[in-house]
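Colleague: Got a structure here, written out as structure tokens. Questions coming.
The values are calculated or read from the model by the stated rules, or taken from the named source; none is laboratory data. Remember, predicted model here, so these are calculated numbers, not experimental data. Note: ideal-geometry Cβ built from the backbone for every residue, glycine included; neighbour counts use all protein chains shown. Surface accessibility is based on the protein's heavy atoms, side chains included, excluding ligands, DNA and RNA. Shrake-Rupley method; radii C 1.70, N 1.55, O 1.52, S 1.80 Å.
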Amino acid sequence: MKSLFIVRKSEHAWICRQFSAEHPLLVTLCNKPFIEFLLDFAILAGADAIRIVSDGQTAPIEAYCGNGSRWGIDISYAHMRPEDDRERIMEKNSRFCSEDRVLIIEGVLFIEHDKHADYRSWLSALPEGGIVDIGSGSLSISGEPTKDMAVPFRPLISIPAIECVNDYFSLSAATLGAGTRYILPGYCNEPDCFIGRNVVIQKGAEIRKPVMIGNNVQIMTGAVIGPATIIGSNVIVDRESTVKGSILLDNTFIGEQLEVDRKIGEGNRLTDPASGATLMMEDPHLMSAIHQPADASGLLRQLVHSLAATALVLLLALPWLALRMLPAGRSNRNIIIERYPLLFRVIRGSMRLIGSRGKDRKNSETPDMHIRQAKPSVFGYAEAEQWPETDSDALIVDHYYTRHASPLKDIGLAIKALINPKTF
Amino acid sequence: MNIVETARNGATVISLEGILNAAAAPQLKAHLENSDPASPTVIDLTNVEFIDSSGLGALVGFLRKKKTGSGSLKLANLNNRVKRVFEITQAYSLFDVYDDLEAAIGK
Amino acid sequence: MLTATLRAELANIRIAANLARSSAEVFANTHGFTGNIAEFAHAFELSVSEAFTNAVRYGDPSNADAVVHISIESGPGSITITVKDNNPPFDPAPPTPEIQGYPEGGFGLFIIGKLMDEVKCEHEGGGNTLAMTKHIG
């Protein structure tokens, strides 16, 4: 048997926005993208070739699923136009669909099923036509039945509607609760408890079933995880925090002594599934990118920097001229002398006196894109704090101050930078 | 590049073969210029070894002409290399793409 | 490093693209690339085809001696193919054509950007250098 997945980009568009996924089928449910559950079901149903047809980009799914060798099946990809109906799509894929029965899965993210049930013989006896139809999505089969026999008892099969974040939330809980029905990722030596690779659970931390934990996860002392909690990969739950009835997606950090109850966490954003309200958590570990705050005090700041730079230019004019006469490379050519010409740029407004240095960090892999857009500066925050000048540490200090900077702080830090013995 | 045109079931079938780049695009454009904008046309890409944006441009130009002349244009048998160019440029959203020449021609 | 100098004419696009494909294929085969080699090589074939086409298209048509230089350089984990012409500078980040407007061109640099891991575009010494890099592993 073959299977045709029809995915329209207009369907499920909300789920991409909610979870910042490239494709709705790549949103994870219980640490596994929707597409894998669909593949599991199609394989249980006896499909040996699957074609994914979309009116949008198929490249993200192709990058994830490849040619299907991981599942021992053939996966191919095709395009359609948004206005194409099922009949037209079958026609466009007639080479794929000919000479075989085809299970058509249309507009569906998830099918409730049971890996122990025998879908194969049930489907092969089923007459051509629709199987389940919930309006937004459907399951149907084309081609004459291969076996002429009575249709056996219908195994578990239903399509849940996933139309808002709360639907997703309750589906996650239901899927975890019925974990034995699905092929779920992670090591599982007792039902309802799935643990991934490289998971550190510190002394005094407590895990309450049912729970699912991904890879590279740290649960710190005194933290309580569960019940009914799904934790993705690269997640840290800090000391004495409680996470219950919640979903923490990949790359989430939960700080100390927090209580997370019935929430969805992703990065530093917490969403309440019932109301859809979101909350941004303080992000001291900088797992998300820094955004420059809206610069209301920009003009004032500019003025402060320009004035301070003018004062320095006047003050240092003579020493600079005197020291410039000395041959280059001498140790007494200190920071302020080297950077003296830059002060004029501060007066002109193209640079800041103090800020993120961000000089050799163009190729850095840390998320400093937003910082790069800020104006360059003569002194770095990290320098002012006399932080060791290793790149990553300095970057963290720079990030911190970029986020929390104000004209007043700038003055303080500029003075700090100037009284730094290395400067003079 | 080789261009072979045949008439089948009231449709014009244009089979392309070889490399479809800027060197070949003028030849293809010239050929397509002479075709009837109102007749249903299927372009068979089975034997296209390579296509780049210049080749795609010739197809897009032809499609535009077809749309204004209210004729139809279908593409058949895109191999993975061709599909990749359609995917990157999102040209798939303009064309009707069939995996079988017979189905594209219709009964 | 391998270099080739080709006359800037349409007929040479294929030669440049083939050179890029086979070099990328050899590189992938000998440097332990685990992905799809045909796809990897096709990315370079397509990118060089686009870059060479631009070099020919925007060159001075009255100059029959115009040439395009191709150089292929590989490191332990990356391969870079550079296409250098003698043309006036071009916009390294042109607007992406809107496909719904049936554009017949303008996709060259956009396609290169999608296929490559790194694209460096410089204008120096009276010509454009377009360096296209892919990393492996």
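Colleague: Calculated from DSSP H runs of 4 or more alone, at -39500 (n - 2.57) each and per residue, what is the 222 nm mean residue ellipticity of the protein assembly as shown, nearest 500?
Modeller: Value at 222 nm, helices only: -10000 deg cm²/dmol.
Colleague: How much accessible area per residue does the stretch C:2-135 have, counting only protein heavy atoms and a probe of 1.4 Å, in square angstrom?
Modeller: With all protein chains present, the stretch C:2-135 gives 48 Å² per residue.
Colleague: Next question. In bins 5 Å wide, starting from 0, what share of all Cα pairs of the stretch C:78-130 does each bin hold, as a percent?
Modeller: 4, 17, 24, 24, 16, 10, 4, 1
Colleague: For A:Ile354, which sequence-distant residues (separation of 5 or more, or a different chain) have an amide H within less than 5 Å of its own amide H, given hydrogens modelled in the peptide plane?
Modeller: Close amide H contacts, sequence-distant or interchain: A:Val378, A:Phe379.
Colleague: HN-Hα J couplings of the stretch A:4-12 from phi, Karplus 6.51/-1.76/1.60, θ = phi - 60°, integer Hz, Gly and Pro as x?
Modeller: Going residue by residue, I get 10, 9, 10, 10, 9, 5, 6, 6, 6 Hz, with x marking Gly and Pro.
Colleague: Which entries of B:Lys65/C:Lys114; A:Lys203/A:Lys244; A:Lys9/B:Lys66; A:Lys9/B:Lys65 have Cα-Cα distances beyond 23 Å here? Intermediate results must be reported in sequence, preceding the final value.
Modeller: Values: B:Lys65/C:Lys114 29 Å; A:Lys203/A:Lys244 19 Å; A:Lys9/B:Lys66 27 Å; A:Lys9/B:Lys65 28 Å.
Beyond 23 Å between Cα atoms: B:Lys65/C:Lys114; A:Lys9/B:Lys66; A:Lys9/B:Lys65.
Colleague: Taking all protein chains as present, what is the carbon and sulfur share of the accessible area of the stretch A:185-280, in % to the nearest whole number, probe 1.4 Å?
Modeller: The computed percentage sits at 47.
Colleague: So what are the stretch C:2-135's ellipsoid semi-axes, whole angstrom, largest first, if each one is the square root of 5 times an eigenvalue of the alpha-carbon gyration tensor?
Modeller: Sorted largest first and rounded, they come to 24, 18, 13 Å.
Colleague: Just the accessible area per residue of the stretch A:2-163, please: how many Å² with a 1.4 Å probe?
Modeller: Accessible area per residue: 41 Å².
Colleague: Could you check how much of the accessible area of the stretch A:51-129 is carbon and sulfur, as a whole percent, using a 1.4 Å probe? List each step's numbers first, then the result.
Modeller: Working: 1470 of 3250 Å².
Heavy-atom surface of the stretch A:51-129 belonging to carbon and sulfur, 1.4 Å probe: 45 percent.
Colleague: Please get the size of the charge dipole for the protein assembly as shown, origin at its Cα centre, with Cβ charges of +1 on Lys and Arg and -1 on Asp and Glu, quoted in debye to the nearest 20.
Modeller: Here the protein assembly as shown has a charge dipole of around 1880 debye.
Colleague: Between A and B, buried accessible area summed over both sides at probe 1.4 Å, in Å² to the nearest 100? Walk me through the numbers on the way to the answer.
Modeller: Values: alone 21120 and 5910 Å², together 25550 Å².
Roughly 1500 Å² of accessible surface disappears when A and B pair.
Colleague: Tell me, rounded to the nearest percent, the portion of alpha carbon pairs in the stretch A:2-163 spaced more than 26 Å apart.
Modeller: 22
Colleague: Could you give each residue of the stretch A:221-229 its phi-based ³J(HN,Hα) in whole Hz, using Karplus coefficients 6.51, -1.76, 1.60 with θ = phi - 60°, and x for Gly or Pro?
Modeller: Once rounded to whole Hz, the list reads 3, x, 6, 10, 10, x, x, 6, 10.
Colleague: Take the stretch B:2-105, drop everything but the C-alpha atoms, weight them equally and run the Debye formula without solvent; then report log10 I(q)/I(0) at 0.11, 0.12, 0.17 Å⁻¹ to two decimals.
Modeller: -0.27, -0.33, -0.70
Colleague: So which residues of the stretch C:68-107 lose at least 30 Å² of accessible area, probe 1.4 Å, when you go from the chain by itself to every protein chain present?
Modeller: C:Ile99, C:Gln100, C:Tyr102, C:Glu104, C:Phe107
Colleague: Heavy-atom accessible surface, probe 1.4 Å, ligands and DNA/RNA ignored: which residues of the stretch C:37-52 lose at least 50 Å² versus the isolated chain?
Modeller: Those are C:His42, C:Leu46, which lose 50 Å² or more relative to the chain on its own.
Colleague: Please work out the average accessible area per residue across the stretch B:9-107, using the 1.4 Å probe convention, and give it in Å².
Modeller: It amounts to 34 Å² per residue over the stretch B:9-107.
Colleague: Another question about this same structure. What is the pair-distance distribution P(r) of the protein assembly as shown, computed from all Cα-Cα distances in 20 Å bins starting at 0, with each bin given as a whole percent?
Modeller: Distribution as computed: 15, 36, 36, 12, 1, 0 percent.
Colleague: Find which of A:Ile219, A:Ala117, A:Met149 sits farthest along the positive direction of the dipole of the stretch A:101-219, computed with +1 on the beta-carbon of Lys and Arg, -1 on that of Asp and Glu, about the Cα centre.
Modeller: After comparing all options, I get A:Ile219.
Colleague: Next question, about the same structure. Can you tell me the convex hull volume per residue for the stretch A:85-152, based on C-alpha atoms, in Å³ to the nearest whole number? Walk me through the numbers on the way to the answer.
Modeller: Working: hull volume 7.0 nm³, N = 68.
Cα convex hull per residue, to the nearest whole number: 103 Å³.
Colleague: Note down the Stokes-Einstein diffusion coefficient of the stretch A:185-280 in µm²/s, whole number, using a Kirkwood radius over alpha carbon pairs, 25 °C, and 0.890 mPa s.
Modeller: Answer from the Stokes-Einstein relation: 191 µm²/s.
Colleague: Which whole-number value in Å³ per residue fits the convex hull of the alpha carbons of the stretch A:208-256?
Modeller: 51
Colleague: With solvent modelled as a 1.4 Å probe, how much accessible area in total do chains B and C shield from it at their shared surface, in Å² to the nearest 100? Show your work: numbers first, answer last.
Modeller: Working: alone 5910 and 7840 Å², together 11490 Å².
In total, chains B and C hide about 2300 Å² from solvent.
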